[in-house]
Ligand SMILES: NC(=O)c1ccc[n+]([C@@H]2O[C@H](COP(=O)([O-])OP(=O)(O)OC[C@H]3O[C@@H](n4cnc5c(N)ncnc54)[C@H](O)[C@@H]3O)[C@@H](O)[C@H]2O)c1
């Protein structure tokens, strides 16, 4: 018998900048032309059918105008495009266009585009660099930070993917002005979630200023974008691979994701998260983790943001319960939740941020909703 040890100790610096501002297309092109990402000449600009006309095509054209070889790949807008099939379609199209390992992927759009394009970048040629040009509040608040990129399958959302960090993220606040109000509200659901997890003062700020986001008050929008990045970064940097702490970002997502899939994606992600937050609050109150007053404050803020906190009648509660078992936190066939501790802090149970919850308790809470 013989043995050979492949020693592969790695030191990796995946640091990147997030630039927050208005109309950042020019900044992106200047960075590329100025060599901020090396000497890359070939680009795959991935966008969706809504964002293409607004931002995607313009960025692709500007790259070409600056002498780069750029190709535009457009997916149908919406969560239903975040599939293995769409990923294969983009990869085949990229290969067909002659793109190889020396290219860079630029995701222009919201979380669907960045999750999909990031996953493409993570596996195309065994990994090519990618940039996110974020055009939604939800992706600014959440999807742009943390390096989780994935697709959905008929059985579960975001379960097939990789950890892959972008080289830079541009958060274009001006793009929020073309967003439908429903999408703004979805971004606010993740924003409220962040405040519940980590920052009581930010929660109070939201209570006083949330309406100004719909008026595109630039100071408020920028503040919200920045605080979201800081909160998510502070969690992700301590637990990139979700060994424990990162699970707190799942607040509201246990019932949220199950409700989203049970609705056949009629509910948008942020709307489902708001419902999930409300379910979590009811359970947390039941177990004594949050006072009745604070639980109502969070629900009031969700309602103020125009978000749902009850389950639409068309969705069968049993279907939600069935879907709960596809959640990534399920262990030994048992449901697990993360819970907020009042506002701005999280419950920790003997060193773990997730706690086992019996199905019956969830069923009772869902019936109240
Ligand atoms: N990777 C992560 O860590 C992470 C975190 C949270 C959410 N997500 C994922 O993000 C996705 C949701 O993100 P989203 O809400 O940004 O979804 P999205 O990309 O589908 O965008 C929402 C809608 O807005 C449109 N749109 C985007 N920008 C626009 C603009 N500026 N003007 C007008 N229309 C615009 C899109 O075409 C789409 O119809 C989900 O798939 C979710 O799983 C990922």
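The values are calculated or read from the model by the stated rules, or taken from the named source; none is laboratory data. Keep in mind that this is a model prediction, so the values were computed, not measured. Quick reminder, even Gly has a Cβ in these numbers, built from the backbone with ideal geometry, and neighbours come from all protein chains shown.
Might you let me know whether the stretch 279-297 holds any residue that is within 25 Å of residue 79 (Cα to Cα), in the same structural domain as residue 235 (by TED's automatic domain parsing) and buried (at least 20 other Cβ atoms within 10 Å of the Cβ)?
Yes, the stretch 279-297 contains at least one residue that is within 25 Å of residue 79 (Cα to Cα), in the same structural domain as residue 235 (by TED's automatic domain parsing) and buried (at least 20 other Cβ atoms within 10 Å of the Cβ).
Can you say whether residue 143 is closer than 19 Å to residue 73 by Cβ, surrounded by fewer than 24 Cβ atoms within 10 Å (Cβ to Cβ) and within 8 Å of the ligand (Cβ to nearest atom), as far as the supplied structure shows?
Against the criterion (closer than 19 Å to residue 73 by Cβ, surrounded by fewer than 24 Cβ atoms within 10 Å (Cβ to Cβ) and within 8 Å of the ligand (Cβ to nearest atom)), residue 143 does not qualify.
Take residue 235 and tell me if it is in the same structural domain as residue 303 (by TED's automatic domain parsing), in a helix (DSSP H, G or I) and more than 15 Å from residue 138 (Cα to Cα).
Yes, satisfied.
What number of residues in the stretch 73-112 are assigned to a loop (DSSP other than H, G, I, E, B) and within 16 Å of the ligand (Cβ to nearest atom)?
6
Give just the number: which of (1) closer than 28 Å to residue 226 by Cβ; (2) within 16 Å of the ligand (Cβ to nearest atom); (3) in a helix (DSSP H, G or I) does residue 29 not satisfy?
Going through the list (1) closer than 28 Å to residue 226 by Cβ; (2) within 16 Å of the ligand (Cβ to nearest atom); (3) in a helix (DSSP H, G or I), residue 29 breaks only (2).
Which of (1) assigned to a loop (DSSP other than H, G, I, E, B); (2) modelled with pLDDT of 95 or more is the odd one out, the single condition residue 12 does not satisfy?
(2)
So which pairs qualify, if the first residue must be in the stretch 27-46 and at pLDDT below 95, the second must be in a helix (DSSP H, G or I), the Cβ gap must be under 7 Å, and the two must be at least 6 apart or on different chains?
none
In the stretch 295-313, what residues are over 23 Å from the mean Cα position of the chain (by Cα) and at pLDDT 95 or above?
295, 296, 297, 300, 312
Out of the residues in the stretch 128-140 that are assigned to a strand (DSSP E or B) and more than 9 Å from the ligand (Cβ to nearest atom), state the one that is surrounded by the most Cβ atoms within 10 Å (Cβ to Cβ).
Selected residue: 132.
Six or more apart or on different chains, Cβ under 7 Å: which pairs go from a residue in the stretch 173-186 that's over 14 Å from residue 139 (Cα atoms) to one that's in a helix (DSSP H, G or I) and near the ligand (Cβ under 8 Å from one of its atoms)? Could you list them?
Close Cβ pairs (under 7 Å, with a partner that is in a helix (DSSP H, G or I) and near the ligand (Cβ under 8 Å from one of its atoms)) amount to 178/54.
When the residues of the stretch 153-185 are filtered to those that are within 7 Å of the ligand (Cβ to nearest atom) and part of a loop (DSSP other than H, G, I, E, B), which remaining residue is farthest from residue 118 (Cα to Cα)?
Filtering first and then ranking leaves 180.
Kindly indicate whether residue 125 is more than 9 Å from the ligand (Cβ to nearest atom), assigned to a helix (DSSP H, G or I) and over 22 Å from residue 228 (Cα atoms).
Yes: the conditions hold for residue 125.
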